[in-house]
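Report on one structure; see the data block that follows.
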Amino acid sequence: MSVGLEAGVHVFFALLSMISAGVAIGLLISNKLDNSKIRKIALLIAILVWLSWFTVIPVYTQEYGVDKGKIKSYPETVAAHAIGMETKEHIFYTGLILATIIPIITYTTDIANDKNARKLLISLLALLVLGGIVLDALGAWISIAAKIAWSMGGG
Amino acid sequence: MNSTRWVYGSIIGYFIAALFNSILVVIKETYEGVHDWLATTFTHHWLGQGILVILVFLVFTFIGANIVKDTELKESKVNVYIALAIAATFLSIIIIGGFFLIHFAS
């Protein structure tokens, strides 16, 4: 069985985490700071990224192999796996850990009153959003490459 | 409880876990034995990689939190830790992406 719509669940959780990170940055930049709210959003970000990982495990370890065979069949699409997917699947773990330290920081500091903690948190959230965009772009490349490969009938 | 040490400890853990993640990619893609060991031990090499990265993060966060003596977040120190987090993220992308790019081109 090849990758189906269930791959979208992984992307959906990842997208929600990026939006949540954007909301958190917005709250941190504004003066409407509330430790309780920031902590909840931080925890939500980490949970969403972990859910993104859990939901992609069966897709990547059991289903993607069929698509990989197709993608690798054509010189036009092989780079999407060899560079795109190989990079994406491994960089993801860096993002997973980055997302995990976000709630650690919010729950161990007074974000509302400590400008240095705020600066640190904004930097980490920005890295998370930028990293998420990179992963999303790689995911789009792989997705398009799979469509092209299947349409060419490779395998 | 001195919570500052957990802030710095978690960033130390992140820095080391991100570098470990990148280096493990190069090692397992270069040495088939490492790739196969991960695959047989954890059912899939990619799952094994993830579990090891998480363990490294936990261990070094704990060690980092016990090494750090700071009791407050000072601006100069925070700037250093922000730089560490940025370096870890970009090194991870450059090492992993660069490795597969070179591997593909060669």
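The values are calculated or read from the model by the stated rules, or taken from the named source; none is laboratory data. Fair warning: this is a prediction, and the values are worked out from it, not measured in the lab. When we count neighbours, we look across all protein chains shown, and the Cβ atoms used for this are built from the backbone with ideal geometry, even at glycine. Please note that ligands, DNA and RNA were not included when accessible areas were found on the heavy atoms of the full protein model with its side chains. Shrake-Rupley method; radii C 1.70, N 1.55, O 1.52, S 1.80 Å.
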Within the range A:92-116, restricting to residues that are of a type in the set (Ser, Thr, Tyr) and more than 24 Å from B:VAL25 (Cβ to Cβ), the one that is nearest to the other protein chains (Cβ to nearest Cβ) is A:THR108
Residues of the range A:5-59 being open to solvent by 30 Å² or more (accessible area, probe 1.4 Å), within 30 Å of B:PHE42 (Cα to Cα) and of a type outside the set (A, V, I, L, M), in sequence order, are A:GLU6, A:GLY8, A:PHE12, A:PHE13, A:TRP50, A:PHE54, A:THR55, A:PRO58
Counting only residues in the range A:60-80 that are of a type in the set (S, T, N, Q) and more than 18 Å from B:HIS45 (Cα to Cα), the one most open to solvent (accessible area, probe 1.4 Å) is identified as A:SER73
If we ask which residues in the range A:117-133 are open to solvent by 60 Å² or more (accessible area, probe 1.4 Å) and within 11 Å of chain B (Cβ to nearest Cβ), their number turns out to be 2
Looking at the structure I just gave you, is A:THR106 within 19 Å of A:ILE19 (Cβ to Cβ), polar (S, T, N, Q) and open to solvent by 30 Å² or more (accessible area, probe 1.4 Å)? no
The correct count of residues that are more than 10 Å from chain A (Cβ to nearest Cβ), open to solvent by less than 90 Å² (accessible area, probe 1.4 Å) and not aliphatic (A, V, I, L, M) in the range B:56-74 is 4
Conditions (1) out of contact with any helix residue (DSSP H, G or I) (no Cβ under 6 Å at 6 or more places or on another chain); (2) more than 26 Å from B:PHE60 (Cβ to Cβ) -> A:PHE54 fails only (2)
When every residue in the range B:75-106 that is over 21 Å from the mean Cα position of the chain (by Cα) and more than 7 Å from chain A (Cβ to nearest Cβ) is compared, the one modelled with the highest pLDDT is B:ILE102
Can you find a residue that is modelled with pLDDT under 95, open to solvent by less than 70 Å² (accessible area, probe 1.4 Å), among the basic types (Lys, Arg) and farther than 22 Å from A:THR61 by Cα anywhere in the range B:3-10? yes
Residues of the range B:28-55 being more than 14 Å from the chain's Cα centre (by Cα), surrounded by 14 or more Cβ atoms within 10 Å (Cβ to Cβ) and not charged (D, E, K, R), in sequence order, are B:VAL34, B:HIS35, B:TRP37, B:LEU38, B:ALA39, B:PHE42, B:HIS44, B:HIS45, B:TRP46, B:LEU47, B:GLY48
| said: Take A:ALA112 and tell me if it is over 29 Å from A:VAL56 (Cβ atoms) and open to solvent by 20 Å² or more (accessible area, probe 1.4 Å). | reply: yes
Checked pairs for the range A:53-79, first closer than 24 Å to A:LEU96 by Cβ, second surrounded by fewer than 17 Cβ atoms within 10 Å (Cβ to Cβ) and of a type in the set (D, E, K, R), C-beta under 7 Å and 6 or more apart or across chains, list as A:VAL59/A:GLU6
Exactly one of A:GLY65, A:GLY26 is at pLDDT 90 or above and among the small types (Gly, Ala, Ser), and that one is A:GLY26
